[in-house]
Amino acid sequence: MMLPNELSVNPQKWVDKHADYLYGYAITRISDEEVARDLVQETFLAALEALPEFEGKSTERTWLTAILKYKIIDTYRKKSRQGIKVPLGTNEERVEYFDPDLNNWKTEHWPAPFGVEDQDPLHNKELNNVLQDCMKKLPPFWLTIFTMKHMDDSSKDVICDELKLSESNFWVIIHRAKVSLRSCLQKRWF
């Protein structure tokens with residue numbers, strides 16, 4: 001019996017056609033090479049099991065990437081079950097960087113220009129490499145939340161629900177991750 005999608009999907013070529021792309025997708029979200037490789041393998045296995053349900057409404061790569069995305073979210077969930085909570089910090093800590101009257105950074109803490117304002121920084125390979133290195137320095141749980149929010153475009157509600165995180169802890173982690181990344185980028189990019 002021939003599957004309806006048999007002509008459009010070829011599992012024998014998945015590794016050659018999609019493994020590098022899927023690994024790149026995973027490593028930017030997990031930043032652990034072994035885990036990223038395992039997730040790609042798990043993605044291929046899950047896709048083989050789900051092959052009869054594949055309706056062909058998307059490309060192979062899009063379908064495989066969607067499966068990988070759910071595998072990554074499962075990995076985030078496992079990390080979050082470790083019960084890591086971030087203290088909210090003192091009011092002095094919050095006032096150190098922000099001016100409540102301006103509802104913005106204090107002047108002395110404004111981010112310095114990165115010198116790539118005239119071009120799309122996402123296309124700047126050197127900046128991207130520095131950013132990836134800085135992201136690897138974040139605590140794993142912070143990286144998970146930052147990645148879900150800013151790379152996967154997950155909403156706050158989804159992230160808090162998936163990771164069993166309070167809204168206040170979410171915002172503290174996002175803030176601290178951004179401040180850490182900004183500091184690292186300013187030190188390494190200039």
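Could you tell me what a quarter of the Cα convex hull surface of the range 11-80 works out to, in nm² with one decimal place?
Averaged projected area of the range 11-80's Cα convex hull equals 4.6 nm².
Working out 0.36 nm times the residue gap between H175 and D32, then minus their Cα-Cα distance, what length gain in nm do you get to one decimal?
Details: separation 143, 0.36 × 143 = 51.48 nm, distance 2.31 nm.
Length gained between H175 and D32: 49.2 nm.
Along each of its three principal axes, how wide is the spread of alpha-carbon positions in the range 120-159, in whole angstrom units, largest first?
Extents along the principal axes, in whole Å: 33, 23, 8.
What is the extension gain from E55 to K13, computed as 0.36 nm multiplied by their sequence separation minus the C-alpha to C-alpha distance, in nm to one decimal?
Values: separation 42, 0.36 × 42 = 15.12 nm, distance 1.86 nm.
Stretched out fully, the E55 to K13 stretch lengthens by 13.3 nm.
Could you calculate the contour length gain from K164 to N129, that is, 0.36 nm times the residue separation minus the distance between their Cα atoms, to one decimal place in nm? Numbers along the way, then the final one.
On the way: separation 35, 0.36 × 35 = 12.60 nm, distance 3.12 nm.
Extending this stretch completely gives an extra 9.5 nm.
Every number in this text was worked out from the coordinates using simple rules, so none of it is lab data. All figures in this text were calculated on a predicted structure; none of them were measured in a lab.
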